[in-house]
Amino acid sequence: FPVTIEVRRKYDLHRRYVLFVGRIDVARKNIDRMIEAWMSMPMQNRKDTDFIIITDRNDRVIKSFVSDLPRCDASVRIVNTVSNAELTQFLSSASMLLFASQAEGFGLPILEAMQCGCPVMTSSTTSMTEVGGDAVLYVDPTSVEQIRETIAGALHDQDLLADLKERGLVQCSKFRWERTAELTLRSYRDWE
């Protein structure tokens, strides 16, 4: 699902980009460290790449969050509320999903990204390792340095990104709603 001309124009998508999808919840989502890691990369590393944050929070919350960020430049962009079709296009065309959360109940954006052929970098904590398997890059979500180095390394290694894309498509095929329903039903029956 490549990005259509209309979506490229609407969101000014003329450079490659790394993507975060989720709520701006600093305690859980760790967005402050991800932005700090992004901004601590040398300008040469981000001169042709944006970090796009897609969130459903309202403009007031977003503006307050962005105004509190130190030295954020134009390479960090916040997009407020996109349609499902647009999200699929964003994911399909992203260089990588950056999802270094502190905590997740499951990590659905990881699966959505892999299903769209988007390489993923996520946290080595909570449920993300189960969801990502061996198909994603893992980082310590508390280490700005590790997040920064992993982003920079991946963006300069097209073979790695292509490999993650292929492994991600295989990994996400292991998660089907039908299988979830079967396992849930089985656990209820075993419990009786």
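General remarks:
- Test: residue 135 is in contact with a Lys or Arg (Cβ under 7 Å, 6 or more places away or on another chain) and closer than 21 Å to residue 20 by Cβ: yes
- The condition of being without any contact (Cβ under 8 Å) to a residue 40 or more places away in the chain, in a helix (DSSP H, G or I) and open to solvent by 20 Å² or more (accessible area, probe 1.4 Å) holds for only one of 8, 28, 33, 23, that being 8.
- Subset of region 168-183 that is in a helix (DSSP H, G or I) and of a type in the set (Gly, Ala, Ser) - its residue that is least open to solvent (accessible area, probe 1.4 Å): 168
- All strands (runs of 3 or more DSSP E) inside region 88-167 with 2 or more residues being open to solvent by 10 Å² or more (accessible area, probe 1.4 Å) and over 26 Å from residue 8 (Cα atoms): 137-139
- Members of region 72-97 found to be among the acidic types (Asp, Glu) and farther than 24 Å from residue 37 by Cα, listed by number: 86
- Count of region 94-114 residues which are modelled with pLDDT of 95 or more and polar (S, T, N, Q): 1
The values are calculated or read from the model by the stated rules, or taken from the named source; none is laboratory data. None of the values given here were measured: they were computed from a predicted structure. Heads up, the Cβs are rebuilt from the backbone with ideal geometry, glycines too, and the neighbour counts pull from every protein chain shown. Heads up: the accessible areas ignore ligands, DNA and RNA and are worked out on the full protein's heavy atoms, side chains in. Shrake-Rupley method; radii C 1.70, N 1.55, O 1.52, S 1.80 Å.
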